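*Asks:* Handing you a structure now.
Rule-based calculations on the coordinates, nothing more; no lab input. All figures in this text were calculated on a predicted structure; none of them were measured in a lab.
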Amino acid sequence: MEKRMLSNRESARRSRMRKQKQQDDLMAQVSYLRQQNYQILSALHITAQHSLGVESENSVLRARLMDLGSRLQFLQHLIHCINAEDSSSLLRPCMGCSAPKSSSIRL
């Protein structure tokens, strides 16, 4: 009976050791995952900030594109007027055109 009791105690001790090892492994995994989570959140924050900067730059570039498109259209109209009529028509739309006057376009 004593041999069996010693065997049971040893078995219980091994079981406690296994459970302790499992708990230690899980705590190490929690620590690792928390560290990974922090790194991912940091990278996400940096990416979000970069994205805001890119969106802002895109807005500026789109506005510039619209401005340059208007300038191009006006200059093409001027070339058309020069080719179609005499140079006195530069300050007014050419006959039949409804283009803006040169004073409204910044060159």
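*Asks:* Hey, what's the Cα Rg ratio for the range 2-75 versus the globular rule of thumb, 2.2 N^0.38 Å?
*Replies:* Working: Rg = 31.6 Å, N = 74, 2.2 N^0.38 = 11.3 Å.
This ratio for the range 2-75 stands at 2.79.
*Asks:* Hey, can you grab everything whose amide H is under 5 Å from the amide H of Glu85? Only 5+ residues off in sequence or another chain; H modelled, so Pro and N-termini drop out.
*Replies:* When sequence neighbours closer than 5 places are left aside, there are no close amide H contacts.
*Asks:* Apply the Karplus parameterisation 6.51 cos²θ - 1.76 cosθ + 1.60, with θ equal to phi minus 60°, to every residue of the range 12-27 and state each ³J(HN,Hα) to the nearest whole Hz, in sequence, with x for glycine and proline.
*Replies:* 5, 4, 4, 4, 4, 5, 4, 4, 5, 5, 4, 5, 4, 4, 5, 5
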